[in-house]
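The values are calculated or read from the model by the stated rules, or taken from the named source; none is laboratory data. Bear in mind that the values here come from a model prediction, so they are computed numbers and not experimental data. Neighbour counts run over all protein chains shown; Cβ positions are idealised from the backbone, glycine included. Quick note on the areas: whole protein, heavy atoms, side chains included, nothing else; ligands and nucleic acids left out. Shrake-Rupley method; radii C 1.70, N 1.55, O 1.52, S 1.80 Å.
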Amino acid sequence: MIPLSWYLILAAGLFSIGLFGVLARRNAVAILLGVELMLNAVNINLVAFWRYGDISLMAGQVFAIIVFAVAAAEVAVGLALVISVYRRRNTVVAEELDLLKW
């Protein structure tokens, strides 16, 4: 049986890579990919804690499914916004996107 700490280390590494992708990238699509990595790290934690806790309760799996649904909605809305901004500005560099400023 794989110990819980291995899952937590994997999730921490995946979350760290996603956080680096959000903070260091300039491309809006790469930032969205970083957010997706962080959400997947959260899913690994939820399912790992469910597995090593009370298996009769399905809370970890239910929360993981909710996170998947939120991630799918985030991708749909985020990519629609990126496409809309690209059509207007011809760039997806996050530093140049100041459409909401006066």
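The rows are residues; the columns are (1) among the hydroxyl-bearing types (S, T, Y); (2) over 20 Å from G18 (Cβ atoms).
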{"residue": "N40", "(1), (2)": "no, no"}
{"residue": "F63", "(1), (2)": "no, no"}
{"residue": "V70", "(1), (2)": "no, no"}
{"residue": "S84", "(1), (2)": "yes, yes"}
{"residue": "R88", "(1), (2)": "no, yes"}
{"residue": "V92", "(1), (2)": "no, no"}
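Among the residues of the stretch 24-43, just one is open to solvent by 80 Å² or more (accessible area, probe 1.4 Å) and hydrophobic (A, V, I, L, M, F, W, C), namely L33. Looking across S5, S84, S16, S56, one residue alone is assigned to a loop (DSSP other than H, G, I, E, B) and either free of Cβ contacts under 8 Å to residues at least 40 places away in the same chain or open to solvent by 60 Å² or more (accessible area, probe 1.4 Å) (or both). It is S56. For the stretch 44-51, the condition holds for no residue, the condition being that it is surrounded by 14 or more Cβ atoms within 10 Å (Cβ to Cβ), of a type in the set (D, E, K, R) and within 20 Å of the chain's Cα centre (by Cα).
Do we have any residue at all in the stretch 29-52 that's touching a residue at least 60 places away in the same chain (Cβ under 8 Å) and under 26 Å from V92 (Cβ atoms)? The answer is yes, given that some residue of the stretch 29-52 is touching a residue at least 60 places away in the same chain (Cβ under 8 Å) and under 26 Å from V92 (Cβ atoms).
When E74 is tested against (1) among the charged types (D, E, K, R); (2) in a helix (DSSP H, G or I); (3) over 11 Å from the mean Cα position of the chain (by Cα), just one condition goes unmet, and that condition is (3). Of all residues in the stretch 19-38, none are more than 14 Å from the chain's Cα centre (by Cα), among the aliphatic types (A, V, I, L, M) and assigned to a loop (DSSP other than H, G, I, E, B).
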